[in-house]
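One structure is given below, encoded as structure tokens.
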Amino acid sequence: SGSTRHLVVFLALSMVTSALFVSITSFIPLYVVDTFHVSKKTAGALLGLIYSAGLWVGPLTGHLSDRLGRVPMLLATSFAGGPVCYVLTVIGDGWGFYALLVTIGIMLYTRMTVTESYIVGQTAERNRSTVFGIYYFGAIESGGLATPLVGYGVDRLGFHPTYLITGAV
């Protein structure tokens, strides 16, 4: 049915977006060590900027999703990923870079909030747990599949071209 088709497309977009963000996020500590020559401890700590968004983004994006709609929110988050990957390759070390890391976190957690509420609204109660299981498996494991590909790209092409390719995808 059309409803199932919409759900499948929505989930696929969410999972691809998750895979790409998780894969680039995995290499951010290496990126800042190699590019900005910061200490390994500082580089690792910078991941906290990304994941700190999980503490406050859910209620905000849930509210926006209720007002603007889940599909527009996911589309905005997914399509903003390309420019964010590009800016990651051209921005220098400093407050702008730190703000970009927070932006990546906002995008990761917006995607989660919007997708979970979409699933609740689009699936029958008797199928909801199954759909959530598929979504969680796909969102988490797809990052595990994409990360080695991004790592291969980083090793062969470098960070900038690989992040640009990832953003284009």
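The values are calculated or read from the model by the stated rules, or taken from the named source; none is laboratory data. All figures in this text were calculated on a predicted structure; none of them were measured in a lab. Glycine gets a Cβ as well: all are built from the backbone with ideal geometry, and neighbour counts include every protein chain shown. Areas reflect the complete protein model, heavy atoms only, side chains present, ligands, DNA and RNA absent. Shrake-Rupley method; radii C 1.70, N 1.55, O 1.52, S 1.80 Å.
For region 102-110, check the following and say yes or no: at least one residue is out of contact with any Lys or Arg (no Cβ under 8 Å at 6 or more places or on another chain), part of a helix (DSSP H, G or I) and without any contact (Cβ under 8 Å) to a residue 40 or more places away in the chain. So that I can check it myself, show each step before the final result.
Looking only at region 102-110, we keep the residues that are out of contact with any Lys or Arg (no Cβ under 8 Å at 6 or more places or on another chain), and these are 102-110.
Of the ones still in play, those that are also part of a helix (DSSP H, G or I) are 102-110.
Those still in the list that are without any contact (Cβ under 8 Å) to a residue 40 or more places away in the chain too: 103.
Checking region 102-110: at least one residue is out of contact with any Lys or Arg (no Cβ under 8 Å at 6 or more places or on another chain), part of a helix (DSSP H, G or I) and without any contact (Cβ under 8 Å) to a residue 40 or more places away in the chain.
Looking only at region 85-99, decide whether some residue is of a type in the set (Ser, Thr, Tyr), modelled with pLDDT of 90 or more and under 21 Å from GLY144 (Cα atoms). No; the residues of region 85-99 include none that is of a type in the set (Ser, Thr, Tyr), modelled with pLDDT of 90 or more and under 21 Å from GLY144 (Cα atoms). When ARG126 is tested against (1) open to solvent by 20 Å² or more (accessible area, probe 1.4 Å); (2) in a helix (DSSP H, G or I), exactly one condition is not met: (2). The residue of region 129-169 that is least open to solvent (accessible area, probe 1.4 Å), among those that are modelled with pLDDT of 90 or more and of a type in the set (D, E, K, R), is ASP155.
Of all residue pairs spaced 6 or more apart or on separate chains, those with beta-carbon atoms under 6 Å, a first member in region 114-130 that is under 17 Å from ARG5 (Cα atoms) and a second member that is buried (at least 16 other Cβ atoms within 10 Å of the Cβ) and aliphatic (A, V, I, L, M) are ILE119/VAL131; GLN122/LEU7; THR123/VAL131.
Among the residues of region 81-118, none is identified as farther than 18 Å from THR61 by Cα, small (Gly, Ala, Ser) and surrounded by 20 or more Cβ atoms within 10 Å (Cβ to Cβ).
Looking at GLY54, GLY121, which one is open to solvent by less than 50 Å² (accessible area, probe 1.4 Å) and either in contact with a Leu (Cβ under 9 Å, 6 or more places away or on another chain) or at pLDDT below 95 (or both)?
Numbers: GLY121 fails: open to solvent by less than 50 Å² (accessible area, probe 1.4 Å).
When all the criteria are applied, what remains is GLY54.
Residues being of a type in the set (Phe, Trp, Tyr) and in contact with a helix residue (DSSP H, G or I) (Cβ under 7 Å, 6 or more places away or on another chain): count how many of those fall in region 111-169.
Taking region 111-169 and keeping what is of a type in the set (Phe, Trp, Tyr), we get 118, 132, 135-137, 152, 159, 163.
Imposing the further condition that a residue be in contact with a helix residue (DSSP H, G or I) (Cβ under 7 Å, 6 or more places away or on another chain) reduces the set to 118, 132, 135, 159, 163.
The qualifying residues number 5.
Checked against the criterion of being loosely packed, with under 12 Cβ neighbours inside 10 Å and not in a helix (DSSP H, G or I), region 25-42 has at least one qualifying residue.
Taking first residues from region 63-83 that are within 18 Å of MET15 (Cβ to Cβ) and modelled with pLDDT of 90 or more and partners that are of a type in the set (D, E, K, R) and assigned to a helix (DSSP H, G or I), the Cβ contacts under 9 Å between residues at least 6 apart in sequence or on separate chains come to MET73/ARG111; LEU74/ARG111; THR77/ARG111; SER78/ARG111. Go through region 50-94 and report how many residues are hydrophobic (A, V, I, L, M, F, W, C), in a helix (DSSP H, G or I) and more than 24 Å from ILE165 (Cα to Cα). Number of matching residues: 7.
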